[in-house]
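Data first, discussion second: the structure below is written as structure tokens.
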Amino acid sequence: MSGRHPALRAPLLTEAQIRERVAALGREITEAYAGRELTITCVLKGGFIFLADLVRAIEVPCTMDFMVISSYGMGTRSSGVVRILKDLDAPIDGKDVLVVEDIVDSGLTLSYLLRNLETRRPASLEVCSLLSKPGRHDNDVPIRFVGFEIPDDFVVGYGLDAGERFRELPEIWTVDETRL
Ligand code: IMP
């Protein structure tokens, strides 16, 4: 690829690998929720491309709602300070809620989010994250459906950004944080 940004180190996951795994996740979720209706909560912005592909691979009826949460600002590490910038439009009490996340790194954002959503009394509450960095969080971060477990490297593409860049890349790349 000519003109590749110097911070992009190497592709970690290709388009084909992502496509295949998302299809498999769709099948797992379809099986787990057979006969039920899903209320999907997507965390923006990072989750938007994953969500778009995932919902087309799920064969149970679903509705979608969005939250915007800030945890990083322009840096690359979670601060532990999580703010809801945009809340869900609709109540989730009594619903089977599936939170769709791009990546669980320290797990701070997800823990905060789950505590917050629990108070709204959903019938069930599960998480599907495309990526997880198990080396960075405790095993008790409850992720029911995981796309890929990856090493502790900063990654971009397929919705994930570094300072709002690279979301549009179809692959997932590791990044040299010193060259951003
Ligand atoms: P956590 O609170 O540390 O788990 O971070 C969660 C959020 O940080 C994710 O939803 C992403 O928006 C962002 N994040 C964590 N790791 C990465 C990464 O490697 N690339 C891009 N964004 C990341």
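Tabulated values for the structure
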quantity: Full-extension gain in nm, residue 56 to residue 70, via 0.36 nm per residue minus C-alpha separation; calculated: 2.3 nm
quantity: 3J(HN,Hα) from dihedral phi, the range 83-91, Karplus parametrisation 6.51/-1.76/1.60, rounded to Hz, x for glycine, proline; calculated: 10, 7, 8, 9, 8, 4, 6, 10, x
quantity: For peptides 124-137, 9-22, 94-107, sequence by mean Cβ density within 10 Å, most packed first; calculated: 94-107, 124-137, 9-22
quantity: Cα-based Kirkwood hydrodynamic radius, the range 56-155, one decimal, Å; calculated: 14.5 Å
quantity: Gain on full stretching of the segment that runs from residue 86 to residue 28 - 0.36 nm per residue minus C-alpha separation; calculated: 18.0 nm
quantity: Sequence-distant residues sharing a close amide H with residue 101 (under 5 Å, placed H); calculated: 128, 129, 130
quantity: The chain: relative contact order as a whole-number percent, Cα under 8 Å and 6+ apart; calculated: 26 percent
quantity: Residue 20-residue 120 FRET efficiency (beta carbon distance; Förster radius 35 Å; 0.05 resolution); calculated: 0.55
quantity: DSSP beta bridges in the chain [antiparallel fraction, %, rounded to 5]; calculated: 30 percent
quantity: Efficiency of FRET from Cβ geometry, residue 36 and residue 149, R₀ 22 Å, rounded to 0.05; calculated: 0.20
quantity: The chain: calculated mean residue ellipticity at 222 nm from DSSP helix runs of at least 4, using -39500 (n - 2.57); calculated: -6500 deg cm²/dmol
quantity: Protein-only accessible surface order, largest first, of 81, 155 at 1.4 Å; calculated: 81, 155
quantity: Other-chain or far-sequence residues with amide H under 5 Å of residue 96's (modelled H); calculated: 39, 123, 124
quantity: Accessible area per residue, Å², the range 35-180 with all protein chains present, probe 1.4 Å; calculated: 48 Å²
quantity: Span per principal axis, largest first, for the Cα atoms of the chain (Å); calculated: 49, 35, 29
quantity: Additional length obtainable on full extension of the chain from residue 9 to residue 179, 0.36 nm per residue less Cα span; calculated: 60.2 nm
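The values are calculated or read from the model by the stated rules, or taken from the named source; none is laboratory data. In this text the structure is predicted, and so the values were computed from the model without any measurement. Don't worry about glycine lacking a Cβ; one is built from the backbone with ideal geometry, like all the others, and counts go over all protein chains shown. When the accessible area is computed, the model is the full protein with side chains, heavy atoms only, and any ligands, DNA or RNA have been set aside. Shrake-Rupley method; radii C 1.70, N 1.55, O 1.52, S 1.80 Å.
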